[in-house]
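*Asks:* Handing you a structure now.
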Amino acid sequence: MDKFKNLKLRVHLNSYDVSLLNESYKKILETTLKEGGFLKGIIPLPTKKRIYCVLRSPHVDKDSREHFEIRVHRRLLEIEKLSPQIINAFCKLHLPAGIDIRVQFIVNE
């Protein structure tokens, strides 16, 4: 248990859909609290907006263009007071499709 004392879990969530992001956050919060961990609040990171310009015509009319955009919404969570039960529950957690998740272990000094 001592080896988990100085660790915290940093979770990065990315999605094109904000509702999926909120649903995933609620599942992670529920699992963490059920297992006795402490979750630092959700930190909204800046939304990345990517714009694509496409020609409407396949041959001529370069002046006629269409613009499309993709927004990537991002959130950051930190879980403290880690235990093996929290890590096992987190590994078994089923998140909806469309969520990109990245997990880091951080050592507190």
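*Asks:* Give me a count of the residues in region 23-72 that are farther than 18 Å from Val103 by Cβ, touching a Leu at 6+ places or on another chain (Cβ under 9 Å) and in a strand (DSSP E or B).
*Replies:* 3
*Asks:* When only residues in region 41-70 that are of a type in the set (Lys, Arg) and under 21 Å from Val18 (Cβ atoms) count, which is surrounded by the most Cβ atoms within 10 Å (Cβ to Cβ)?
*Replies:* First, pick out the residues of region 41-70 that are of a type in the set (Lys, Arg): 48-50, 56, 62, 65.
Filter once more, so that each one left must be under 21 Å from Val18 (Cβ atoms): 48-50.
Numbers: Lys48: 11, Lys49: 9, Arg50: 9.
Selected residue: Lys48.
*Asks:* Now for a separate question. Restricting to region 19-43, name every residue that is small (Gly, Ala, Ser) and modelled with pLDDT of 90 or more. First the steps, then the outcome.
*Replies:* The first filter runs over region 19-43 and keeps only residues small (Gly, Ala, Ser), leaving 19, 24, 36-37, 41.
Ser19, Ser24, listed by residue number.
*Asks:* Could you grab me the full set of residues in region 51-109 that are among the small types (Gly, Ala, Ser) and over 18 Å from Leu29 (Cβ atoms)? Working first, answer last.
*Replies:* So in region 51-109, the residues among the small types (Gly, Ala, Ser) come out as 57, 64, 83, 89, 97-98.
Result: Ser57, Ser64, Ala97, Gly98.
The rows are residues; the columns are (1) in contact with a strand residue (DSSP E or B) (Cβ under 9 Å, 6 or more places away or on another chain); (2) surrounded by 15 or more Cβ atoms within 10 Å (Cβ to Cβ); (3) of a type outside the set (A, V, I, L, M); (4) on the phi > 0 side of the Ramachandran plot.
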| position | (1), (2), (3), (4) |
| --- | --- |
| Lys5 | no, no, yes, no |
| Lys8 | yes, yes, yes, no |
| Ser15 | yes, yes, yes, no |
| Ser19 | no, no, yes, no |
| Ser24 | yes, yes, yes, no |
| Thr31 | no, yes, yes, no |
| Leu39 | yes, yes, no, no |
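*Asks:* Of all the residues that make up region 9-22, how many are outside any helix (DSSP H, G or I) and over 8 Å from the mean Cα position of the chain (by Cα)? Spell out how you get there, then give the answer.
*Replies:* Of all residues in region 9-22, those outside any helix (DSSP H, G or I) come to 9-17.
If we keep only those that are over 8 Å from the mean Cα position of the chain (by Cα) too, we end up with 9-10, 16-17.
Number of matching residues: 4.
*Asks:* Could you please let me know if Leu95 is in a loop (DSSP other than H, G, I, E, B) and among the hydrophobic types (A, V, I, L, M, F, W, C)?
*Replies:* On the way: in a loop (DSSP other than H, G, I, E, B): yes; among the hydrophobic types (A, V, I, L, M, F, W, C): yes.
Taking the combined requirement at face value, the residue satisfies it.
*Asks:* Please verify whether region 55-77 includes one or more residues that are of a type in the set (Ser, Thr, Tyr) and either under 24 Å from Asn6 (Cβ atoms) or within 13 Å of the chain's Cα centre (by Cα) (or both). Can you show your working first?
*Replies:* Start the filter on region 55-77 by keeping residues that are of a type in the set (Ser, Thr, Tyr), which leaves 57, 64.
Retained after the next criterion (residues that are either under 24 Å from Asn6 (Cβ atoms) or within 13 Å of the chain's Cα centre (by Cα) (or both)): none.
No: region 55-77 contains no residue that is of a type in the set (Ser, Thr, Tyr) and either under 24 Å from Asn6 (Cβ atoms) or within 13 Å of the chain's Cα centre (by Cα) (or both).
*Asks:* Quick one: is Ile86 hydrophobic (A, V, I, L, M, F, W, C), surrounded by 13 or more Cβ atoms within 10 Å (Cβ to Cβ), in a strand (DSSP E or B) and at pLDDT below 90? Step through it out loud before you land on a result.
*Replies:* On the way: hydrophobic (A, V, I, L, M, F, W, C): yes; surrounded by 13 or more Cβ atoms within 10 Å (Cβ to Cβ): yes; in a strand (DSSP E or B): no; at pLDDT below 90: yes.
No.
The values are calculated or read from the model by the stated rules, or taken from the named source; none is laboratory data. Treat the numbers as computed from the prediction; the structure is a model and nothing was measured. Methodologically, a virtual Cβ is constructed for each residue, glycine included, from the backbone with ideal geometry; neighbour enumeration extends over all protein chains shown.
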